[in-house]
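A.B. asks: A single structure is presented below for examination.
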Amino acid sequence: MTDRAAVAWCEENMAGLEVSHHGLAGHHSPEDRPGELAAAISSWADRHGLARPGRRVRHRPTAPCATPAIHRHT
């Protein structure tokens, strides 16, 4: 979601940073590459012992969304 120079700087200056590379995306990577980003996050959670087998995590905003017609809170 950023350019190579910024990634290189972050890798050199941020301890413990893990970088995931995926294909090019347009304006908003989560919309253009949802499967690749989900796989990277899931893999990260597995590597750090944070994933629970058989548990599906559902997005729940912590604050009211700006577009309540799109994101319905249940």
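A.B. asks: Please specify each residue of region 4-34 satisfying the condition of being of a type in the set (A, V, I, L, M, F, W, C) and within 17 Å of ARG47 (Cβ to Cβ).
C.D. replies: Passing the criteria: ALA15, LEU17, VAL19.
A.B. asks: Still on this model: PRO30 versus (1) part of a loop (DSSP other than H, G, I, E, B); (2) modelled with pLDDT under 90; (3) surrounded by 10 or more Cβ atoms within 10 Å (Cβ to Cβ); (4) not aliphatic (A, V, I, L, M): which is the lone unmet condition?
C.D. replies: Looking at each condition in turn, PRO30 falls short on (1).
A.B. asks: Please name all residue pairs, on different chains or six or more residues apart, with Cβ atoms under 8 Å, provided the first residue is in region 29-42 and is free of Cβ contacts under 8 Å to residues at least 12 places away in the same chain and the second residue is loosely packed, with under 13 Cβ neighbours inside 10 Å.
C.D. replies: Cβ pairs passing all conditions: ASP32/GLY26; ARG33/GLY23.
A.B. asks: Filter region 2-20 down to the residues that are hydrophobic (A, V, I, L, M, F, W, C) and in a loop (DSSP other than H, G, I, E, B) and list them by number.
C.D. replies: MET14, ALA15, LEU17, VAL19
A.B. asks: Within the group GLY35, GLY54, GLY23, which residue is assigned to a loop (DSSP other than H, G, I, E, B) and modelled with pLDDT of 75 or more?
C.D. replies: GLY23
The values are calculated or read from the model by the stated rules, or taken from the named source; none is laboratory data. Small disclaimer: the values here were computed from a predicted structure and weren't measured. Positions of Cβ are backbone-derived with ideal geometry, glycine not excepted, and every protein chain shown enters the neighbour counts.
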